[in-house]
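Data first, discussion second: the structure below is written as structure tokens.
We did not get these values from a lab; they are worked out from the coordinates using the rules stated. Values in this document were obtained by computation on a predicted structure and should not be read as measured data. All Cβ positions, even for glycine, are placed from backbone atoms using ideal geometry, and neighbour counts span all protein chains on display.
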Amino acid sequence: MAAAVMGEPGPRGRFGDFGGRYVPESLVEACDQLDGEFRSAWADPTFRGEYDRILADFAGRPTPVTECARLSEQLGVRVLLKREDLAHTGSHKINNVVGQALLTRRMGKGRVIAETGAGQHGVATATAAALFGLECVVYMGDVDVERQALNVFRMRLLGAEVRPVSSGSRTLKDAVNEALREWVATVETTHYCLGSVMGPHPFPWMVRELQRVVGTEAREQCRHLLGGGHPDVVVACVGGGSNAAGIFSGFADTDAQLVGVEAAGGAAIGHGAPGVVHGMKSYLLQDEAGQVAEAHSISAGLDYPGVGPEHAHLASIGRARYEPVDDAAVLDAFQLLSKTEGIIPAFESAHAVAWLMREAGRSVPKGSTVLINLSGRGDKDAAQAMDLLADRL
């Protein structure tokens, strides 16, 4: 089962019916080069050793699994958190960008570009660029620049140029569009450090492999905590889906339920249909004419109309299920985890907590053990939360 589920993609970079490479001819060679370079690097003990060392000494891995006694008592299930919020820069994103920055240097390129929604991938990319002495440009929608002002400041402080995007919905989708356009024009000198398990092959597979460390650690940590067993349910938020792919990879060959939680206003698997966007075939929100529809979420990081193709595949074969939660439930979860455990989650991560609040005692039986990937911390959402929760605090 491990080889068939969350293993290497099939021919042409496909996970079942999903994935592939839908790019301009000018990017085909770049994608081929990236595929070859990553395969070579990932099989190179020297590269892997440096990657592991930087994750340990710079990013702070391994991140712990935290037992949530008070929240568990309130919900009637045993709640464990994989604490990616404690990684350097405040989220799981650092795992991916350290690997891609090392690969950029290996390819002899001196410049990276990235897209970002919530700003965490942008901050992580700017951080890795500073560490390796790379030039860095980050594309970010106007709407997200405003609601994630703290992360914009952090990126600029780290030496990155932040380029606001004013087209379309002025959010993550449009930032990806602009980054892809620039990559076409600058591919000889620039690596596109894509932030999630999306886009043309090899990005969905490569990013999942770089995030696999989350699932590998969590599996061993849960084995120790649970006396050799594994959780009944593993839950993570899903936009593009890199944090979910990372933690799911550690449990795909077990009988643990895998649950991805989408924003209700951006539920590509729940409300979308197969189509092509950003170089991949996957589920995406579409209007009656087949055009990409706008997504809406309280969370900038989940405000995306598509989903990574491997998640589309996992849904299609029934190995994982994907369920939506709305903004009101996210705010309730944001507040509850803060008050019961002293952990302020990112709005993205609060989606996973909100789903468990709803489903504990329903689809998740009382007494179950549930592992939530807490993909990021809530500092970046504090200003927005202050406005939204003003009448509660």
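Listing for the model above:
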| quantity | calculated |
| --- | --- |
| Where Rh is the Kirkwood radius over Cα pairs, Rg/Rh for the range 252-330 | 0.98 |
| Gain upon complete extension [Thr216, Ala56; 0.36 nm per residue less C-alpha separation] | 56.2 nm |
| Charged-residue dipole, Cβ positions (Lys, Arg, Asp, Glu), the range 277-335 about Cα centre, Debye nearest 20 | 400 debye |
| For the range 172-196 versus the range 33-51, the gap between their alpha-carbon centres in whole angstrom | 21 Å |
| Where only C-alpha atoms are counted, convex hull volume of the range 319-386 per residue in Å³ | 101 Å³ |
| Inter-part distance where the range 210-224 and the range 88-150 are each reduced to a Cα centre, Å | 24 Å |
| Charge dipole magnitude, Cβ of K and R +1, D and E -1 - the chain, Cα centre, debye nearest 20 | 740 debye |
| Shape call, the range 46-201: gyration tensor on alpha carbons, a/c limit 1.5 | oblate |
| Residue (of Met386, Pro345, Ser368) at the positive-pole extreme of the range 337-393, dipole from beta-carbon charges | Ser368 |
| Descending semi-axes in Å of the chain, equivalent ellipsoid built from Cα gyration tensor | 29, 23, 21 |
| Distance between modelled label sites at Arg12 and Met107, nm, 7 Å Cα→Cβ extension | 2.3 nm |
| Ellipsoid semi-axes in whole angstrom, largest first, where each is sqrt(5λ) of the Cα gyration tensor of the range 282-324 | 20, 15, 8 |
| Among Val184, Pro274, Ala256 the positive-end extreme of the charge dipole of the range 176-288 (Cβ point charges) | Ala256 |
| Unit charges at the beta carbon, dipole of the range 60-123: most positive-side option, Gly119, Thr104, Val77 | Thr104 |
| Gained length - Arg319 relative to Glu294, 0.36 nm times residue gap less alpha-carbon distance | 6.2 nm |
| Residues listed by number, the range 160-199, amide nitrogen under 17 Å from Gln33 label point at 7 Å toward C-beta | 180-194 |
| For the range 75-230, size of Cβ-based charge dipole, Lys and Arg +1, Asp and Glu -1, in debye | 440 debye |
| Local net charge near Val187, Cβ-Cβ under 10 Å (Lys/Arg +1, Asp/Glu -1) | -2 |
| Expected 222 nm ellipticity per residue - DSSP helices of 4 or more, -39500 (n - 2.57), all of the chain, to 500 | -13500 deg cm²/dmol |
